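First the structure, in the form of structure tokens, and then the observations on it.
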Amino acid sequence: MISHISHLKCPQCRREHSADHLSTYCVCGSPLFAVYDTGSVQEEIDSGEFPSDLNSMWRYSQLLPVKSPSYVISLGEGWTPLLLSRQLGKHLGLRMLRIKDEAQNPTGSFKDRGLSAAISKSLELGAKSFALPSAGNAAVSASAYSAAAGVSAHIFMPDDTPEPFFTQCELFGAETVRVRGTISDAGQEMRKRNGDWTDLSTTKEPYRVEGKKTLGFEISEQMGWSVPDAIVCPTGGGTAIIGIWKAFEELETLGLVGSERPRIYAAQSGGCAPVVRAIEKGTDNLEPWVNGKTMALGLRVPSPFAGRQILNAIRNSGGGAVAVAEHDIEPIRRMVARLEGLDICPESAVGIAGLRNLIDAGTIDFDEDVILLNTGSGARYTNLK
Ligand SMILES: Cc1ncc(COP(=O)(O)O)c(C=O)c1O
Ligand SMILES: [Zn+2]
């Protein structure tokens with residue numbers, strides 16, 4: 001199976017860009033997104049070749065960007081279980097709740113999808129080493145996939161990131177740099193050093209979203225190619241939201257689903273909620289959040305680069321955005337551990353608190369088909385009690 005990628009397209013100025021050399025973002029400042037020749041994919045579906053029986057996200061390789069399978073760096077990411085909640089759903093007042101358990105990815109978070117796709121494609125296009133600013137999980141993924149590819153990784157993380165994130169990156173042989181401040185400051189430090197590397201910053205290269213998109217494919221396939229009523233996403237840089245929206249658009253073009261869409265809800269901590277504020281104010285762009293603070297470190301993204309696309313995906317889906325109180329995060333994390341046997345990360349606890357708020361507000365109804373993302377394992381957050 002090979003990729004049917006055609007080109008990259010800017011959603012803002014509509015310029016088309018070649019997908020045959022390393023790309024960052026558009027000259028107009030917008031992120032770029034991959035476009036596929038869905039007509040050819042459709043022909044393969046008709047002859048029964050899609051999906052494949054691979055138990056990883058590469059089962060969708062026609063709709064992933066890598067053309068030559070020899071460049072695919074896979075550690076078995078994706079095809080994670082869609083767990084039926086035993087008690088949490090009932091506790092929240094839902095008839096049924098499913099949890100997409102992304103902690104079961106190779107390095108323990110959904111970041112593996114994006115980094116497997118981006119690192120593989122970049123290697124195919126000639127990349128020799130990688131760098132990225134990260135709140136922690138993406139750093140570990142980038143380090144692991146760079147190690148598997150035999151190339152170097154240079155990681156810039158806020159200095160208050162829990163120590164196990166640094167230890168694991170270093171175990172995988174990455175260079176780690178501690179930066180005072182948030183992921184934005186880490187990105188600034190990385191750019192100042194101007195190394196001879198390929199920058200993997202969220203949505204400043206086109207392919208991490210492609211990996212994350214497979215979350216949407218899997219949710220639909222695991223539900224028999226249907227569409228849930230709502231998906232709740234803990235949101236930082238917004239790759240999951242943009243990817244899931246893109247997935248359902250592509251599935252419709254292929255005729256695998258109809259025009260219905262899951263309502264996508266972004267959940268953020270009240271301590272750093274630029275997406276929630278923009279949705280509430282009805283603006284087209286995100287205003288940077290000043291002095292963002294939250295223990296859900298992956299959601300401490302004061303100014304996501306793909307702000308416009310995050311807001312469009314949420315609005316076009318008919319969904320929304322919800323802020324949660326910082327003091328709810330840790331008790332919810334403990335509650336889920338006891339109710340479901342899952343050690344979830346604080347970011348996912350924000351998603352669950354958000355779902356609870358949406359149910360309380362009557363935005364999500366008790367008999368709706370709701371999917372929660374457990375975006376990663378809680379195991380590395382050792383400074384939480
Ligand atoms: C565990 C976890 N969940 C959620 C996110 C947010 O990811 P995004 O908004 O890019 O989909 C992150 C980002 O660092 C994370 O580490
Ligand atoms: Zn453009």
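The values are calculated or read from the model by the stated rules, or taken from the named source; none is laboratory data. Everything numeric here is computed off the predicted structure, so don't read it as measured data. Cβ coordinates were reconstructed from backbone atoms using ideal geometry, including for glycine residues, and neighbour counts include every protein chain displayed. Only protein heavy atoms, including side chains, enter the accessible area calculation; ligands, DNA and RNA are left aside. Shrake-Rupley method; radii C 1.70, N 1.55, O 1.52, S 1.80 Å.
Summary of values
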{"read-out": "Share of carbon and sulfur in the accessible heavy-atom surface of the chain [1.4 Å probe, %]", "value": "48 percent"}
{"read-out": "Nonlocal amide H pairs with Thr176, under 5 Å, H built at 1.01 Å", "value": "Ile155"}
{"read-out": "Å² of accessible area per residue within region 5-71, as computed with a 1.4 Å probe and no ligands counted", "value": "49 Å²"}
{"read-out": "Distant-in-sequence amide H partners of Ser269 (H built 1.01 Å from N, under 5 Å)", "value": "Val324"}
{"read-out": "Extension gain, Leu75 back to Cys28 (0.36 nm per residue minus Cα-Cα distance, nm)", "value": "13.4 nm"}
{"read-out": "Inter-site label distance for Asn291 and Arg95 at 7 Å from Cα along Cβ, in nm", "value": "4.7 nm"}
{"read-out": "Karplus 3J(HN,Hα) series, Hz, for region 291-302 with 6.51 cos²θ - 1.76 cosθ + 1.60 (x for Gly, Pro)", "value": "6, x, 9, 6, 6, 7, 4, x, 9, 8, 10, x"}
{"read-out": "Stretchable slack from Arg193 to Trp225, in nm (0.36 nm times residue separation minus alpha-carbon distance)", "value": "6.9 nm"}
{"read-out": "Global form of the chain, assessed from the alpha-carbon gyration tensor, a/c cut-off 1.5", "value": "rounded"}
{"read-out": "Per-residue ³J(HN,Hα) for region 67-75, Karplus 6.51 cos²θ - 1.76 cosθ + 1.60, θ = phi - 60°, Hz, x for Gly and Pro", "value": "7, 10, x, 5, 8, 6, 9, 10, 10"}
{"read-out": "Note, ³J(HN,Hα) from phi for region 192-203, Karplus 6.51, -1.76, 1.60, rounded to Hz, x at Gly and Pro", "value": "4, 6, 6, x, 8, 9, 8, 7, 9, 3, 3, 6"}
{"read-out": "Region 5-71, relative contact order in percent, only Cα pairs under 8 angstrom and at least six apart counted", "value": "30 percent"}
{"read-out": "For Gly320, residues with placed amide H under 5 Å, excluding near neighbours", "value": "Ile264, Tyr265, Ala266"}
{"read-out": "Point-to-point label distance, Arg315-Cys13, nm (Cα→Cβ direction, 7 Å offset)", "value": "2.2 nm"}
{"read-out": "Region 111-199, relative contact order in percent, only Cα pairs under 8 angstrom and at least six apart counted", "value": "32 percent"}
{"read-out": "Inter-centroid distance (Cα atoms) of region 245-288 relative to region 151-222, Å", "value": "22 Å"}
{"read-out": "Prolate/oblate/rounded call for region 29-151, Cα gyration tensor, a/c under 1.5 rounded", "value": "oblate"}
{"read-out": "Over the chain: helical MRE at 222 nm, DSSP H runs n ≥ 4 each giving -39500 (n - 2.57), nearest 500", "value": "-11000 deg cm²/dmol"}
{"read-out": "The chain, relative contact order in percent, only Cα pairs under 8 angstrom and at least six apart counted", "value": "17 percent"}
{"read-out": "Mean-position separation - Cα centroids, region 309-362 and region 33-52, in angstrom", "value": "34 Å"}
{"read-out": "Set of aspartates and glutamates near Lys293 by C-alpha distance (under 19 Å), chain-local residues within fewer than 8 positions excluded", "value": "Asp159, Asp160, Glu163, Asp185, Glu326, Asp328, Glu330, Glu347"}
{"read-out": "In range of the label at Glu368: residues from region 280-304 whose backbone nitrogen is under 13 Å from the point 7 Å along Cα→Cβ", "value": "none"}
{"read-out": "Descending semi-axes in Å of region 5-71, equivalent ellipsoid built from Cα gyration tensor", "value": "26, 14, 10"}
{"read-out": "At R0 = 51 Å, FRET efficiency that the Cβ-Cβ distance of Leu84 and Ser6 yields, to 0.05", "value": "0.85"}
{"read-out": "Sites Lys281 and Ala325, calculated FRET efficiency, Cβ-Cβ separation with R0 25 Å, nearest 0.05", "value": "0.80"}
{"read-out": "Rounded Å value of the spacing that divides the Cα centres of region 127-146 and region 65-102", "value": "22 Å"}
